[in-house]
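Note sheet for the following structure.
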Amino acid sequence: MRMKVLLMLGAATLLALSQAAAVEPNRVLPVNQTPVERTIVRGPDTMLLQSPNQSNGIFTDIGCDLCGTGVQIVADNFDVATGGLGFDLDEIWVWGGYYSSDTPVLAPFDIYIAANAAGSPGAAICSQTGVWPTSDVTTGVVLFGVSEHLIQLNIPACNLADGTYWVYLFTNTGFGTDDFFWEVGNVDAANGIVGSAWATENPPATWNLDAATDMACQITGTIVPVELQSFDIE
């Protein structure tokens, strides 16, 4: 009887461990390395700036060999705060790389700006598929044995009122090639929100929350200008 109880406890422990493992996104294998000190300039119409910290990377790729389902999509949340003016989001910069042989795969990105639904990504407000990078340059930083890339993505202006939103994006490197990862970053103290989310199907239906990880990105656009009216004095 005692042995049976121990076996049952052991099975329960293994189940708990497997469930715990299931709540983690597919990440690049971490490598201890010294962070690179650098200054990233925040522009006047930058709504989010989360600098890369070289601590890890999360795959966001629907042709992901290193992901359990072959699919993983990553989302990060942010606040738009303009004093009621509104913000036209039209540019996203992301830091990331191609793992594990450092062989970039030329492919477009799909980009979504979604509403906030009780702390998870909700309905898409704006979307743009098949977006080829405006630029993709290596920064000279080595991440986990591969080159860090800074990728610029431009989309038609997405008008956002003040509030909380999610941005998620992914590419398709295809199977049998390197997988694209989005580098982890430091949360923006002004407009960032701690945490991120990931899904393992496309289109994403079930979002899993990561309460501690933020993604390295810069979101820019135009704060909607105040319309001035002229008056004639008679």
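Sort through Ser127, Ser147 and tell me the only one that's within 20 Å of Val28 (Cα to Cα), over 14 Å from the mean Cα position of the chain (by Cα) and among the small types (Gly, Ala, Ser). Steps first, answer last, please.
Values: Ser127 fails: within 20 Å of Val28 (Cα to Cα).
After applying the criteria, what remains is Ser147.
Kindly check whether there is at least one residue in segment 138-151 that is among the hydrophobic types (A, V, I, L, M, F, W, C), surrounded by fewer than 22 Cβ atoms within 10 Å (Cβ to Cβ), part of a loop (DSSP other than H, G, I, E, B) and out of contact with any strand residue (DSSP E or B) (no Cβ under 7 Å at 6 or more places or on another chain). No, segment 138-151 has no match at all. If you go through segment 65-102 and keep only what is in contact with a Ser or Thr (Cβ under 8 Å, 6 or more places away or on another chain) and of a type in the set (Phe, Trp, Tyr), you end up with Phe78, Phe87, Trp93, Trp95, Tyr98.
Hey, among the residues in segment 103-132 that are within 20 Å of Leu150 (Cα to Cα) and touching a Ser or Thr at 6+ places or on another chain (Cβ under 6 Å), which one's surrounded by the most Cβ atoms within 10 Å (Cβ to Cβ)? Step by step, filter segment 103-132, then rank; the result is Tyr112. Within segment 187-201, the residues that satisfy the criterion of being buried (at least 16 other Cβ atoms within 10 Å of the Cβ) and assigned to a loop (DSSP other than H, G, I, E, B) are Val187, Asp188, Asn191, Thr200. Among the residues examined, Val71 does not qualify as hydrophobic (A, V, I, L, M, F, W, C), crowded, with 17+ Cβ neighbours inside 10 Å, closer than 17 Å to Thr213 by Cα and in contact with a Cys (Cβ under 8 Å, 6 or more places away or on another chain).
Within segment 42-104, considering only strands (runs of 3 or more DSSP E) that don't extend past its boundaries, which have at least 1 residues that are at pLDDT below 95, more than 30 Å from Asp162 (Cβ to Cβ) and under 16 Å from the mean Cα position of the chain (by Cα)? Outline the logic, then answer.
Details: elements: 46-50, 52-59, 73-80, 87-99.
Filter on segment 42-104 gives 52-59.
Please tell me if Ser135 is out of contact with any helix residue (DSSP H, G or I) (no Cβ under 8 Å at 6 or more places or on another chain), surrounded by 15 or more Cβ atoms within 10 Å (Cβ to Cβ), hydroxyl-bearing (Ser, Thr, Tyr) and modelled with pLDDT of 95 or more.
Answer is no for this residue.
What do you reckon, is Asp179 among the acidic types (Asp, Glu) and more than 13 Å from the chain's Cα centre (by Cα)? Yes. Taking the criterion of being assigned to a loop (DSSP other than H, G, I, E, B) and within 16 Å of Gly63 (Cβ to Cβ), the residues of segment 105-137 that qualify are Val105, Leu106, Ala107, Pro108.
The values are calculated or read from the model by the stated rules, or taken from the named source; none is laboratory data. In this text, all values refer to a predicted model and were calculated from it rather than measured experimentally. A quick note on method: Cβ atoms are made from the backbone with ideal geometry, for glycine too, and the neighbour counts reach across all protein chains shown.
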